[in-house]
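> Below you will find the structure I want to go over with you.
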Amino acid sequence: MKRVLLLDADGVLFWNDTFLAMILKALEEWNIAEQDITEAYRSVVESSDIFGSPEEWISTLENENKHWEKIYQNIAEYLCRKYSYNSNDITEQLLNKAVYYNNCMVYSDVVPFLEKVHNGIDCYVLTNAYPSVYQVLNVLGISKYIKTVFSSSDIRMCKPDKEIFFYTLAELGVNHKDVIFVDDKPENVIAAQEIGMKAVLMNREKKETTLQWVKNLDDLFNQYLRK
């Protein structure tokens, strides 16, 4: 039986700018003060639960796009209280330039690692993500190495809820002891460890931690996967 590797997506396979950074970059050529953009962002995004409740899961790319359109419309309307722009123009600019799945970048170690292990290790993704995660993995050239993606937008559970790990293990048909789970969030690693999984923190910034950690995927291979 092949070994099983269960990987988080954002923070392990790819990274992206914060939403605020994407918005600032999208509007950098507009005559709008950075302070005002930040204020609009905080008013609209940080003061509300943009990810919704479990009863309001965004499960399709169409709904995801509508979700961001609503948020960006609110930001545009906030800015237009002070600036004489058309709010629809700002909304369109943000939708074109500040879309999450168009602003993701693959880590340099990812594709070489996946190339190296794909014949001997089954790689899966377990992620708290919007439906566009499939598009991200495809655009970045990663999806061909991943057997299955388990996304919170599909299964309506999120890490660190232990139920999402039990669900994934059941779907894979494997024992928890036969899986190595890698995530960049300590709380997710701890939850996996508490049900007996071998869980490792992806710690690319080498922050102080008491958890078992690796600095990149090469480090993961050398510590846990090399025969």
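> So the check is Cβ under 8 Å with 6+ separation or different chains; which pairs have a first residue in segment 168-184 that's more than 15 Å from ILE121 (Cα to Cα) and a second one that's surrounded by fewer than 18 Cβ atoms within 10 Å (Cβ to Cβ) and of a type in the set (Val, Ile, Thr)?
Qualifying pairs under 8 Å: GLU171/THR148; HIS176/ILE195.
> Quick one: which of TYR134, TYR130 is surrounded by 18 or more Cβ atoms within 10 Å (Cβ to Cβ), under 21 Å from ALA26 (Cβ atoms) and not assigned by TED's automatic domain parsing to the domain that holds LYS66?
TYR130
> When residues of segment 34-59 are filtered for being closer than 17 Å to GLN135 by Cα and modelled with pLDDT of 90 or more, how many remain?
The qualifying residues number 0.
> Give all pairs with beta carbons closer than 6 Å in which a residue from segment 110-123 that is in a helix (DSSP H, G or I) meets a residue that is of a type in the set (Phe, Trp, Tyr) and surrounded by 14 or more Cβ atoms within 10 Å (Cβ to Cβ); count only pairs at least 6 apart in sequence or on separate chains.
If the second residue must be of a type in the set (Phe, Trp, Tyr) and surrounded by 14 or more Cβ atoms within 10 Å (Cβ to Cβ), the pairs left are LEU114/TYR145.
> Say we look at segment 1-10 and pick out the residues that are at pLDDT 95 or above and either among the hydroxyl-bearing types (Ser, Thr, Tyr) or not in a strand (DSSP E or B) (or both); which of these is farthest from ASN188 (Cα to Cα)?
Checking each candidate, the answer is ALA9.
> Continuing with the same structure: Could you list all residues from segment 59-76 that are crowded, with 20+ Cβ neighbours inside 10 Å and in a loop (DSSP other than H, G, I, E, B)?
none
> Let me ask something additional. How many residues, within segment 140-152, are over 13 Å from ASP10 (Cβ atoms) and not β-branched (Val, Ile, Thr)?
The number of residues fulfilling the criteria is 6.
> Can you tell me which residue in segment 124-137 is modelled with the lowest pLDDT, limited to those that are touching a strand residue (DSSP E or B) at 6+ places or on another chain (Cβ under 6 Å) and either of a type in the set (Lys, Arg) or outside any strand (DSSP E or B) (or both)? Don't jump to the end; show me each part of the working.
Just the residues of segment 124-137 that are touching a strand residue (DSSP E or B) at 6+ places or on another chain (Cβ under 6 Å), to begin with: 124-127, 129, 133, 136.
This time we only want the ones that are either of a type in the set (Lys, Arg) or outside any strand (DSSP E or B) (or both), so: 129, 133, 136.
On the way: ALA129: 89, VAL133: 94, VAL136: 95.
Ranking the candidates gives ALA129 first.
> Now for a separate question. Would you be able to tell me the number of residues in segment 171-196 that are among the β-branched types (Val, Ile, Thr), touching a Pro at 6+ places or on another chain (Cβ under 9 Å) and surrounded by 18 or more Cβ atoms within 10 Å (Cβ to Cβ)? Quick ask: steps written out before the conclusion?
Filtering segment 171-196 down to residues among the β-branched types (Val, Ile, Thr) leaves 174, 179-180, 182, 189-190, 195.
In the following step, the residues that additionally are touching a Pro at 6+ places or on another chain (Cβ under 9 Å) were identified as 189-190.
Remaining after also requiring surrounded by 18 or more Cβ atoms within 10 Å (Cβ to Cβ): 189.
So the answer is 1.
> State the number of residues belonging to segment 208-227 that are touching a Pro at 6+ places or on another chain (Cβ under 9 Å) and among the charged types (D, E, K, R).
Qualifying residue count, segment 208-227: 1.
The values are calculated or read from the model by the stated rules, or taken from the named source; none is laboratory data. In this text, all values refer to a predicted model and were calculated from it rather than measured experimentally. FYI the Cβ positions are ideal-geometry reconstructions off the backbone, even for glycines, and counts take in every protein chain you see.
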